[in-house]
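The structure appears below as structure tokens.
The values are calculated or read from the model by the stated rules, or taken from the named source; none is laboratory data. Predicted model only: the values in this text are computed from it and were never measured. No Cβ is skipped: glycine too gets one built from the backbone with ideal geometry, and neighbour counts run over all protein chains shown.
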Amino acid sequence: MIEASCHCGAVTLSVGDPPEWVADCNCSICRSYGVLWAYYRASEVRVAASVPIDVYSWGAKTLRFHRCSECGCVTHWTKVDPAIDRIGINARLMAPDILATTRIRRLDSEDTGLYLDA
Ligand SMILES: [Zn+2]
């Protein structure tokens, strides 16, 4: 079981397996947050929160970015369309030894929409 937790520990996300790779996206919101995304099926991930979770959407509003209302850490995004079984977890909130051995792929959302190492 892999767990990602915000700084204060009020919001946790649990998933069975570590990510094979994570995405460093250069779009305006992701570079502002400074996050690395690990992608899963939403149905694979358990989200637990002991405080309210704040949500932000922008642009086409296809994603909701969630953050802990206590410590402010961005924890994950979800699709607005519930039919799309997809979630992005902020891998920076996983244990450091997981990220230390995980490939980081640079995603050029700002321009081409492609992974720069593809
Ligand atoms: Zn928190």
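For this structure, a couple of remarks:
- Residue check, Gly34 at pLDDT 95 or above, surrounded by fewer than 13 Cβ atoms within 10 Å (Cβ to Cβ) and within 11 Å of the ligand (Cβ to nearest atom): no
- Residue ID - nearest to the ligand (Cβ to nearest atom), chosen from residues in the stretch 1-31 that are polar (S, T, N, Q) and under 19 Å from Gly59 (Cα atoms): Ser28
- Against the list (1) more than 24 Å from Arg103 (Cα to Cα); (2) touching a residue at least 60 places away in the same chain (Cβ under 8 Å); (3) of a type in the set (Phe, Trp, Tyr), the condition Tyr56 fails is (2).
- Residue within the stretch 79-91 that is among the charged types (D, E, K, R), more than 16 Å from the ligand (Cβ to nearest atom) and under 23 Å from Gly9 (Cα atoms) present: no
- Considering residues of the stretch 40-51 that are surrounded by fewer than 16 Cβ atoms within 10 Å (Cβ to Cβ), of a type outside the set (Gly, Ala, Ser) and closer than 20 Å to Ala95 by Cα only, the residue farthest from the ligand (Cβ to nearest atom): Glu44
- When Val74 is tested against (1) under 21 Å from Leu114 (Cα atoms); (2) crowded, with 20+ Cβ neighbours inside 10 Å; (3) not basic (Lys, Arg), just one condition goes unmet, and that condition is (1).
- Residues in the stretch 56-71 that are within 16 Å of the ligand (Cβ to nearest atom) and in a loop (DSSP other than H, G, I, E, B) were compared, and the one that is surrounded by the fewest Cβ atoms within 10 Å (Cβ to Cβ) is Cys71.
- Applying the criterion of at least 2 residues that are within 14 Å of Arg67 (Cα to Cα) to the strands (runs of 3 or more DSSP E) found wholly in the stretch 1-55 leaves 2-5, 11-15, 46-49.
- Extreme residue, nearest to the chain's Cα centre (by Cα), among residues of the stretch 77-97 that are buried (at least 16 other Cβ atoms within 10 Å of the Cβ) and among the β-branched types (Val, Ile, Thr): Ile89
- Here Ile29 fulfils each of the conditions (1) among the β-branched types (Val, Ile, Thr); (2) surrounded by fewer than 18 Cβ atoms within 10 Å (Cβ to Cβ); (3) closer than 18 Å to Asp85 by Cβ apart from (3).
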